[in-house]
Amino acid sequence: MTEVTPERVRAAYAALGSGDRERILEYYSEDLRWLVPGNHPLAGWYESLDAFLELMGQTHKLTGGTFRMDLEAVLVGEDCSADVCRNIALRAGAAEASGSPYERMDYPVFHFMRWRDGRIVEGRDGLFGDSATAFSQFWAPFAPDGTRRDR
């Protein structure tokens, strides 16, 4: 059994950031389940590694590749880990100087992950207070005329 360590959690993030599916498979299970909270089109359960990777691809598309998760703290247990990342992104097409929560993401996100045999089998994002509202606002879609839709 592979031990869950802070180094392994950091390596899982690095693998995900690489975009290399074989490397990602060293840390994430094919039958991964991941929960994204909120009231926006990306919210909900993702029921496989492929579905999760599609989600990650969508986040990069919607942010013009600016989305990143800066790992700030990691805690580990026997079969779980918890971490705090600073998620930073700018919606594609937004002005660099924008401070709108619909266009700029810059706040802490909590992740809780269950591990089995050295791989993540379940993950949940967590946001608190105003960050939860800002997260839903950031991922809210645009209507064809360029205005923001509620869902």
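The values are calculated or read from the model by the stated rules, or taken from the named source; none is laboratory data. Keep in mind that what you see is a predicted model, and the values were worked out from it rather than measured. Cβ coordinates were reconstructed from backbone atoms using ideal geometry, including for glycine residues, and neighbour counts include every protein chain displayed.
Brief remarks follow.
- Residue that is under 18 Å from ALA140 (Cβ atoms), of a type in the set (Gly, Ala, Ser), at pLDDT 95 or above and surrounded by fewer than 19 Cβ atoms within 10 Å (Cβ to Cβ), where the choices are GLY93, GLY44, GLY77: GLY44
- Residue within the range 118-128 that is part of a loop (DSSP other than H, G, I, E, B), surrounded by fewer than 14 Cβ atoms within 10 Å (Cβ to Cβ) and at negative phi present: yes
- When residues of the range 49-90 are limited to those that are more than 12 Å from the chain's Cα centre (by Cα) and part of a helix (DSSP H, G or I), the one nearest to GLU122 (Cα to Cα): LEU49
- Residue match in the range 18-30 (condition: assigned to a strand (DSSP E or B) and in contact with a Pro (Cβ under 9 Å, 6 or more places away or on another chain)): no
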